[in-house]
Amino acid sequence: MKIDIMGNNNDKRYVDWEELIGRYYEGETTTEEERLLQEYFMDSRYTAKHNADKAVISYIMMGKQYTQMDKKRKRIAHYRISVASTVTAAVIAGIVYGILPLRNDYIAYVYGTRYTKKEIVEEQLRKTLSVFPVCDHSVEEELSGIFDPLIP
């Protein structure tokens, strides 16, 4: 049975509903054709012989809508959980950072003996650094030729 419908530009098109319903069951319809079927079943012009098809197709379309709503709800729930986790981690980090005092510990081990007084540690540091010769070269200059042996 063919029924005329108004297209997007008010041009009349004829649709063979039997053929379109068959293609729907085969999974060969486009989204536009599925929308046309949905409109057809909502229209008062559809025939009673398609009641079974209307029930099946309406059930499937409602299932699609619920599935899409579930996906959207899950996406929103995942977003909310990730935001809450991030905020919680930031708050915990802020609390820990605020509670724990920043410590400037001075620790040096000299021949197995531990020193924790600032003056002693600084003195040991100066002694250690004085062993190394003072050079006028920068680190970049010292390392500039490191890869020269690899270049043919």
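The numbers here are math on the coordinates, done by the rules we state, and not lab data. The structure displayed is predicted, hence computed values, not measured ones. With ideal geometry, Cβ positions are generated from the backbone for all residues, glycine too; neighbour counts draw on all protein chains shown.
Data overview
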{"read-out": "Net charge, Thr67 excluded, C-beta distance under 11 Å - Lys, Arg +1, Asp, Glu -1", "value": "+4"}
{"read-out": "Histogram of C-alpha separations across the stretch 108-150, 10 Å bin width, %", "value": "22, 30, 23, 20, 5"}
{"read-out": "Relative contact order (%) - the stretch 13-117, alpha-carbon pairs under 8 angstrom, separation at least six", "value": "11 percent"}
{"read-out": "Per DSSP, loop trypsin sites (Lys or Arg not before Pro) in the stretch 64-152 with at most 11 further Cβ within 10 Å", "value": "Arg103, Lys117"}
